[in-house]
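**Student:** My questions will all concern the structure given below.
The values are calculated or read from the model by the stated rules, or taken from the named source; none is laboratory data. Small disclaimer: the values here were computed from a predicted structure and weren't measured. Positions of Cβ are backbone-derived with ideal geometry, glycine not excepted, and every protein chain shown enters the neighbour counts. Accessible surface areas use protein heavy atoms only, side chains included; no ligands, DNA or RNA. Shrake-Rupley method; radii C 1.70, N 1.55, O 1.52, S 1.80 Å.
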Amino acid sequence: MSWSLGETAALALKAARGVNLPWGLAEEAAGAVFWLHQRGLPGISALCGYLDICGYDRPGEAALCPLEIGTALSDGTRPCPVNADDRLDLGFVKAPLLLLPFLATIPPGTVWLTAEGFGD
């Protein structure tokens, strides 16, 4: 079965609301899934994995939400590094694939992603 991008985004919105994400974040999740699937990336899988691991009602987990971090970075409420030598440590972000749509809105050359701890 093949779904359209709109159907995929609608499913993502319903899933996000189903675990009590606020409407704004649920809409951001749908937009992120749409963006990822448009580029051939597994957006629904990333969102389902994130929602399954985290949920939204667990105290202290919100800081690790890729949707909140991504929205804050793309809206400018969380400052991005200006120079290549500057560093912004986001900490452990669950389902980091969901960050890509938000980072794509930031001007090129502003953000460099590194992943530490792989293979440890």
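**Student:** Tell me whether region 44-55 contains one or more residues that are out of contact with any Leu (no Cβ under 7 Å at 6 or more places or on another chain), outside any helix (DSSP H, G or I) and at pLDDT below 90.
**Tutor:** yes
**Student:** State whether the residues of region 15-32 include one that is in a loop (DSSP other than H, G, I, E, B) and in contact with a Cys (Cβ under 9 Å, 6 or more places away or on another chain).
**Tutor:** yes
**Student:** Go through region 33-43 and give me each residue that's in a loop (DSSP other than H, G, I, E, B) and touching a residue at least 24 places away in the same chain (Cβ under 8 Å). Break it down stepwise before answering.
**Tutor:** Pass one, region 33-43, residues in a loop (DSSP other than H, G, I, E, B): 39-42.
Leu41, Pro42 - these are the residues of region 33-43 that are in a loop (DSSP other than H, G, I, E, B) and touching a residue at least 24 places away in the same chain (Cβ under 8 Å).
**Student:** Within region 1-21, can you find the residues that are modelled with pLDDT of 90 or more, among the aliphatic types (A, V, I, L, M) and exposed (fewer than 12 other Cβ atoms within 10 Å of the Cβ)?
**Tutor:** Of everything in region 1-21, nothing turns out to be modelled with pLDDT of 90 or more, among the aliphatic types (A, V, I, L, M) and exposed (fewer than 12 other Cβ atoms within 10 Å of the Cβ).
**Student:** A further question on this structure: Pick from region 59-93 the residues that are among the charged types (D, E, K, R) and modelled with pLDDT of 80 or more: which of them is most open to solvent (accessible area, probe 1.4 Å)? Even if it seems obvious, please write down each step before you answer.
**Tutor:** First, the residues of region 59-93 that are among the charged types (D, E, K, R): 61, 68, 75, 78, 85-87, 89.
From what's left, modelled with pLDDT of 80 or more: 68, 75.
Values: Glu68: 57, Asp75: 107 Å².
Ranking the candidates gives Asp75 first.
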